[in-house]
Amino acid sequence: MIVPKLPFPEIALPELYRELERRYGYHLPESERGDTTTEAEQLSYRFSMEEFGHEFLLITDFAAEKRAFYHMRKDDVPQGYDLVWRGVEITTGAQREHRYDVLCAQANERGLGEDVKFYTEFFRYGCPPHGGFGLGVDRLTMLLLGTGIKEAMFLFRGPNRITP
């Protein structure tokens with residue numbers, strides 16, 4: 001394993017899709033471009049190596065409807081990222097919405113108001129600005145070991161296997 005150089009290269013999702021189409025002929029209808037696809041993630045590795053000489057790529061500016069309701073937005077663009085390493089998304093992170101009224105409005109946009117009241121109530125009396133991320137430990141292990149996901153996971157779960 002190599003120690004990655006900092007900073008990681010960064011690209012906005014709309015720009016990434018333009019580059020993937022221009023360089024590799026990868027085309028998705030505009031209506032499907034709000035998030036990455038598996039194929040786009042794989043091609044983003046090739047792009048990152050050619051353009052930046054880097055195995056990692058930070059992708060930003062996802063469509064709001066494709067991200068969690070609690071991601072803070074600026075001009076309706078979630079303030080988050082996906083980190084792709086060797087063509088596999090290994091983490092998603094974002095600045096979290098801490099303003100109670102905005103958080104509730106974003107939950108209501110999705111029709112989640114009452115379903116997530118247990119969560120939004122924590123913010124009623126104030127919460128400092130904060131962020132978070134979720135690391136795909138199984139995906140990271142898979143990449144480090146050079147194996148398939150089934151071999152990298154402690155207990156594999158899939159469409160046909162939901163119990164040990």
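Each value in this text was obtained by applying a stated rule to the coordinates, not by laboratory testing. If you're wondering where the values come from, they're calculated on a predicted model, not measured in any experiment. Note that each Cβ is placed from the backbone with ideal geometry, even for glycine, and that neighbours are counted across all protein chains shown.
About its Cα centre, what dipole magnitude does the chain give when the only charges are +1 on Lys and Arg Cβ and -1 on Asp and Glu Cβ, stated in debye to the nearest 20?
Dipole of the chain, to the nearest 20 debye: 460 debye.
Cut-off under 19 Å on the C-alpha distance; same-chain residues fewer than 8 positions from Lys74 excluded. Which aspartates and glutamates are left, in chain and number order?
Result set, ordered by chain and number: Glu10, Glu15, Asp35, Asp61, Glu65, Asp82, Glu97, Asp101, Glu109.
Only sites in a loop by DSSP and with at most 14 other Cβ atoms within 10 Å count here; which trypsin sites (Lys or Arg not before Pro) in the stretch 87-132 make the cut?
Arg99, Arg110, Arg124
What FRET efficiency, computed as 1/(1 + (r/R0)^6) with R0 = 35 Å and r the Cβ-Cβ distance, is obtained for Arg110 and Thr141, rounded to the nearest 0.05?
So, using R0 = 35 Å, E works out to roughly 0.60.
What is the set of long-range amide H partners of His71 at a cut-off below 5 Å, with H atoms built 1.01 Å from backbone N?
When sequence neighbours closer than 5 places are left aside, the close amide H contacts are Glu97.
Dipole magnitude of the stretch 24-65 about its Cα centre, charges +1 at Lys/Arg Cβ and -1 at Asp/Glu Cβ only, in debye to the nearest 20?
Computed charge dipole of the stretch 24-65: roughly 120 debye.
Could I have the simple spin-label model distance between Ile2 and His27, label points 7 Å from Cα toward Cβ, reported in nm to one decimal?
3.4 nm
Evaluate E = 1/(1 + (r/R0)^6) for Ala12 and Thr163, where r is the Cβ-Cβ distance and R0 equals 35 Å; express this FRET efficiency to the nearest 0.05.
0.25
Using +1 at the Cβ of each Lys and Arg and -1 at the Cβ of each Asp and Glu in the stretch 1-101, identify which of Leu20, Phe52, Ile2 lies farthest towards the dipole's positive end.
After comparing all options, I get Ile2.
Only counting other Cβ atoms within 10 Å, I'd like Tyr45, Tyr119 sorted with the fewest neighbours first.
By the 10 Å Cβ count, ascending: Tyr119, Tyr45.
Just subtract the alpha-carbon distance of Lys74 and Cys127 from 0.36 nm times their residue separation and send over the number in nm, one decimal.
Taking Lys74 through Cys127 to full extension adds about 17.2 nm, to one decimal.
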